[in-house]
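The values are calculated or read from the model by the stated rules, or taken from the named source; none is laboratory data. This one's a predicted model, so the numbers in the text were calculated from it and none came from an experiment. We place every Cβ from the backbone using ideal geometry, glycine too, and count neighbours over all the protein chains shown. Protein only, heavy atoms only, side chains kept; ligands, DNA and RNA dropped before computing areas. Shrake-Rupley method; radii C 1.70, N 1.55, O 1.52, S 1.80 Å.
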Amino acid sequence: MMISRRILILQKRSFSSVRRILCPYTSQTPNPNLSPAQASASFRSAGSHSSILHFNVPYIAVNRSFFSSHAVADLPVGGIVDVPLAQTGEGIAECELLKWFVQEGDQIEEFQPICEVQSDKATIEITSRYKGKVAQILYVPGDIVKVGETLLKIVVEEAQVLTHVSENPTPTQEGLKNIKPCDSELTKNDICEVLSTPAVRNLAKQHGVDLNDVKGTGKDGRILKEDVLQYAFQKGSIKDPSASLTSASRRQFLGGEEDHPHPSGEVPWSYEDKTVPLRGFQRTMVKSMSMAAKVPHFHYVDEINCDALVELKSSFQSTNSDPDVKHTFLPTLIKSLSMALSKYPLMNSCFNDELLEVILKGSHNIGIAMATSSGLVVPNIKNVQSLSILEITKELSRLQKLALDNKLNPVDICGGTITLSNIGAIGGKFGSPLLNLPEVSIIAIGRIQKVPQFTDDGNIYPASIMTVNIGADHRVLDGATVARFCGEWKQFIEKPELLMLHMK
Amino acid sequence: MGIPGKIGVPMMNLVRLKGVPILQQLHLEERLLRTSSHNWCIINDGTNQPTIVMGVSGKPAELLEIESVLCDQIPVVRRFTGGGTVLVDPGTIFVTFICNKDAVAGVQPYPQPIMSWSGALYNKVFQGIGDFHLRENDYVFGDRKFGGNAQSITKNRWIHHTSFLWDYEVRNMANLKLPARVPEYRLARGHLEFICRMKDYLPRSVFIDRTIEATKTHFSLRSTDLEAIETSANTKFCPSTRLLTMQELETAAKFASQSKVSLSQSFSL
């Protein structure tokens, strides 16, 4: 199992607490009578959407080979149904909204056309799967809507049966799958007009906070977790808002998220299957790992004595006067890696398998694998060969902060020449990493562990040992090269004074 | 619902036109799509005058060399289907299919299945004639486009229409900008390196006859004329396809030149 690439632990939630994320791109009631030519593009969405979607939110299972112009909706909870833009064809990831046929407050029938969208060459009428009243329209004509994003919200009169779309039907012939909605109280927060994520709504419920009373500091007045905690703190519901936030963020970073406990008896546990469509970084991971799996890998494992590294870090920390700088092992490992790459440039190269060419990269752009709430991402530190350890520390901190906030720039993610995966930060002895193509090597480092070692005369002494696993492209690299490279790197870690010898 | 003609094969009305203005053709198509319950095949053998036809969300400032369009006084139409911009003239042959959603067995009423079905139909038409392919959403010989497609899918019906470049005037191409969205296979080619003429492959009448024959493999065709349709027309229907006004084009031209000015200003900073 590729420990360094494991899928983050999904959050366990009951159905009653599941909510769709509101589209953040509109906060005004649109005029559905505008024709596409007249409608302004003021709400045109931009940038990467994947960072906003909460991948833990379950979707209704839709077989990928079946396309539906019926807006297949989420499980109706207490009458409100989020109606997403359904898949309208293979490879169609987004559509332009052309016009609405309904407006807020309208009563609509099942199969009634609700809007028209355009994808590529086709205009497509989207029909409603449900009978009910239009509660909220979330896009205006001219907006680009990604498949799966909520188009509008409908208030359904009664709990309606969820349909499961099967492989070869026409749109009117669908298999039925009964799912009982879990009992839950419809609170004011569930049908309020504020922008917030399901996680934030739950947090508010937990602290007895009415979201309508909270001032949102996010984009378009969106209410963030911090806003709820701050409000609850002011109200006196909680003692320290930053503690709740930090522990929540830490859990997010490590990959598990339990936003709220389940008091027994209040919220029933659900054992139903949940379908999670992969978006953003996770989706990218599917593609990149599938390609990486085609490359013949070999793995070289070694142990590195980190006693000197531990001492060095303590020394940095004790003489550190800058409160913004926190010294860890990683920057020294990164710098020494760069020193070793100077001697073995083949390890820092890219392979073009069509032209059978290896490009020896001039810069050491060392990628650091990071686990975020949205999945695995590998930003890289550019030109490590020209950076000091302190500069590397600061740059690493900058990238980590951006990654946690899901605000990495494309330039931070592109152009990497080798990847370091510090799976040891989470745990484990070592991983068996997959290449981050088109790079030819990747290094997974395990946790530094204090283990007993033997001297030559049989005495036992403690040593801080770190296990490394170097994954390499066997079309380009052979065992000997990797072994020698690893030996060189190991030397710089075990004897950091050698770094001074090569200092320019 | 497919109205059975021959056993198992639904009925389709065939309308053969020649030199009909493209605006009139599009109005007809839109009306038939939205108000009829029959299947239709419309073939217009050339339109009467050069006209620019944009897709439903086409923006003139982005797609057209408006100064040139205004100078040449070329009418600009915005049609009801998606897709890109074409300049049509007497050298363009139009073939349109309007079908009920379950008219064609095994073809789901969504963009890709319809596109694939049309590709298979025209494969029969061009068998042995050229290196025909459906490439992304275009009909090509080799890697050169000669047919462009657009669709509209409603609750119960769909339309798939094609403009075939039997011939074209090079100077007319100067009215179209290089679009922002292009198929991947276009690479960086300009108009003239990207398209080709169908007349280099087969005569007009042969193309039309072969298309009708290929359509007969899916439908039982029945010829209808334009007058018959128009007399039984639903006069309440208002099509969305329309001619852009001079004012709209002039406004777009002003907007385009303002954008150029601000762009050059930002570069000079």
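Values computed for the structure shown
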{"item": "One residue from A:Gly367, A:Gly375, A:Gly362 being touching a Phe, Trp or Tyr at 6+ places or on another chain (Cβ under 7 Å) and under 20 Å from A:Asn436 (Cβ atoms)", "result": "A:Gly375"}
{"item": "Residues being open to solvent by less than 10 Å² (accessible area, probe 1.4 Å) and facing another protein chain (nearest Cβ under 8 Å) - total across the stretch B:152-173", "result": "2"}
{"item": "Hey, B:Leu178 among the aliphatic types (A, V, I, L, M), more than 14 Å from chain A (Cβ to nearest Cβ) and out of contact with any strand residue (DSSP E or B) (no Cβ under 6 Å at 6 or more places or on another chain) or not", "result": "yes"}
{"item": "Output for the stretch B:121-151, where each listed residue is without any contact (Cβ under 8 Å) to a residue 24 or more places away in the chain, more than 14 Å from every other protein chain (Cβ to nearest Cβ) and either under 22 Å from A:Ile124 (Cα atoms) or among the charged types (D, E, K, R) (or both)", "result": "B:Asp131"}
{"item": "Some residue of the stretch A:307-314 being touching a strand residue (DSSP E or B) at 6+ places or on another chain (Cβ under 8 Å) and either modelled with pLDDT under 90 or assigned to a strand (DSSP E or B) (or both)", "result": "no"}
{"item": "Output for the stretch B:72-98, where each listed residue is within 13 Å of chain A (Cβ to nearest Cβ) and surrounded by 23 or more Cβ atoms within 10 Å (Cβ to Cβ)", "result": "B:Val76, B:Arg78, B:Arg79, B:Thr81, B:Gly82, B:Gly83"}
{"item": "Qualifying positions in the stretch B:121-151 - open to solvent by 50 Å² or more (accessible area, probe 1.4 Å) and of a type outside the set (S, T, N, Q)", "result": "B:Lys124, B:Gly128, B:Asp131, B:His133, B:Leu134, B:Arg135, B:Glu136, B:Asp143, B:Arg144"}
{"item": "Residue list for the stretch A:475-491, restricted to those being open to solvent by 10 Å² or more (accessible area, probe 1.4 Å) and assigned to a helix (DSSP H, G or I)", "result": "A:Gly479, A:Ala480, A:Thr481, A:Ala483, A:Arg484, A:Gly487, A:Glu488, A:Lys490, A:Gln491"}
{"item": "Single condition B:Lys101 does not satisfy, out of (1) under 17 Å from the mean Cα position of the chain (by Cα); (2) open to solvent by less than 40 Å² (accessible area, probe 1.4 Å)", "result": "(1)"}
{"item": "Residues satisfying the stated conditions in the stretch A:93-114, i.e. in contact (Cβ under 8 Å) with a residue 60 or more places away in the chain and either away from chain B (no Cβ under 12 Å) or β-branched (Val, Ile, Thr) (or both)", "result": "A:Trp100, A:Val102, A:Gln103, A:Glu104"}
{"item": "Verdict on A:Glu395 being under 22 Å from A:Trp489 (Cβ atoms), open to solvent by 70 Å² or more (accessible area, probe 1.4 Å), in a helix (DSSP H, G or I) and assigned by TED's automatic domain parsing to the domain that holds A:Gly487", "result": "no"}
{"item": "One residue from B:Arg181, B:Arg210, B:Arg222 being in a helix (DSSP H, G or I) and either small (Gly, Ala, Ser) or open to solvent by 70 Å² or more (accessible area, probe 1.4 Å) (or both)", "result": "B:Arg210"}
{"item": "In the stretch B:226-242, residue modelled with the highest pLDDT [restricted to those that are open to solvent by 80 Å² or more (accessible area, probe 1.4 Å) and in a loop (DSSP other than H, G, I, E, B)]", "result": "B:Cys238"}
